[in-house]
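The values are calculated or read from the model by the stated rules, or taken from the named source; none is laboratory data. Because the structure is a prediction, the values reported are computed rather than measured. Here the Cβ is made from the backbone with ideal geometry for all residues, glycine too, and neighbour counts use every protein chain on show. Keep in mind that these areas ignore ligands, DNA and RNA; they rest on the heavy atoms of the full protein, side chains included. Shrake-Rupley method; radii C 1.70, N 1.55, O 1.52, S 1.80 Å.
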Amino acid sequence: MAKFLNGNLILFSIIFLGSFLRIYNINFDDLWYDEILSFWVASPEHSISESFGIHNRTEPNTFSFHFLLKIFYSIFGYSPDNARYLSTFFGILSILLSIKMAKLLNINKIKNFLVLLFAFNIFLISYSQEARVYSILFFFSFLSFIYFIKIFEIDAKKRDFFLFCIFTLIAIYLHPFALIILFSYFTFLIIKYFRIKETFKKINLSLI
């Protein structure tokens, strides 16, 4: 019992400190140039078509993040102080996803170490304090990867295939960089085919 409590106390402490680092001094610096653009594009004062037009003139990326940010501002208030909290929220959720990853890979003995790597990663902390797409992109890309592992399980359910498709699509719509992940899945399956001569028809269908 004491061992169980100590293990969970350590895990809770890591999650708490990782979350604290993503929130601490979040608005210490003013918005930088790209964040100002996002703040302008996502203004609730603009109609969706106006925001979309401004986005196309200023951004090479997809409109999905700015649309999500626009909804966030409409609910929680259009203020520079609120600009980064959406990214922070998904940054904290990504720490919790690392616990799910540890269970999925059956590496509970080093679960705390895995969570520690995610919680104190300087890049993930930095992106969690920017009003840009990258923290959210990482979250959905991570979910896509988790469900890519799940659909290889013998008892994979239809829901797992569906969620894999949804999370992968969301990641791609958030940023074209997610296409690299999609191509990586295809590459992995091609290598698998040449090594063990298995086609994984359901997985290929999901990717298509």
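Beta carbons closer than 7 Å, at least 6 apart along the sequence or on distinct chains, pair a first residue in the range 23-42 that is outside any helix (DSSP H, G or I) with a second that is buried (at least 16 other Cβ atoms within 10 Å of the Cβ) and of a type in the set (Val, Ile, Thr) for Ile26/Thr88. Residue count for the range 10-42 satisfying the condition of being surrounded by 16 or more Cβ atoms within 10 Å (Cβ to Cβ) and of a type in the set (S, T, N, Q): 2.
Taking the stated definitions as given, is Arg132 closer than 28 Å to Glu59 by Cβ and either of a type outside the set (Ser, Thr, Tyr) or surrounded by fewer than 21 Cβ atoms within 10 Å (Cβ to Cβ) (or both)?
Yes.
Do you know which of the residues in the range 44-60 that are crowded, with 16+ Cβ neighbours inside 10 Å and outside any helix (DSSP H, G or I) is modelled with the lowest pLDDT? Looking at residues that are crowded, with 16+ Cβ neighbours inside 10 Å and outside any helix (DSSP H, G or I), I get Glu59.
Results for (1) within 29 Å of Phe28 (Cβ to Cβ); (2) open to solvent by 20 Å² or more (accessible area, probe 1.4 Å); (3) at pLDDT below 90; (4) not aliphatic (A, V, I, L, M), shown as yes or no for each residue.
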site	(1), (2), (3), (4)
Lys111	no, yes, yes, yes
Ile122	yes, yes, no, no
Ser128	yes, no, no, yes
Phe140	yes, yes, no, yes
Phe152	no, yes, yes, yes
Phe162	no, yes, no, yes
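Take Thr187 and tell me if it is part of a helix (DSSP H, G or I), open to solvent by less than 30 Å² (accessible area, probe 1.4 Å) and among the hydroxyl-bearing types (Ser, Thr, Tyr). The answer is no for Thr187. Considering (1) in contact (Cβ under 8 Å) with a residue 24 or more places away in the chain; (2) not in a helix (DSSP H, G or I), the lone condition that Ile154 does not fulfil carries the number (1).
Restrict the check to the range 68-84 and report whether at least one residue is open to solvent by 30 Å² or more (accessible area, probe 1.4 Å), touching a Phe, Trp or Tyr at 6+ places or on another chain (Cβ under 6 Å) and modelled with pLDDT under 90. Yes, the conditions are met somewhere in the range 68-84.
Can you tell me which residue within the range 87-109, out of those that are at negative phi and out of contact with any helix residue (DSSP H, G or I) (no Cβ under 8 Å at 6 or more places or on another chain), is surrounded by the fewest Cβ atoms within 10 Å (Cβ to Cβ)? Give the derivation first.
First pass over the range 87-109, keeping only residues at negative phi: 87-105, 107-109.
If we keep only those that are out of contact with any helix residue (DSSP H, G or I) (no Cβ under 8 Å at 6 or more places or on another chain) as well, we get 89, 109.
Details: Phe89: 17, Lys109: 8.
This residue is Lys109.
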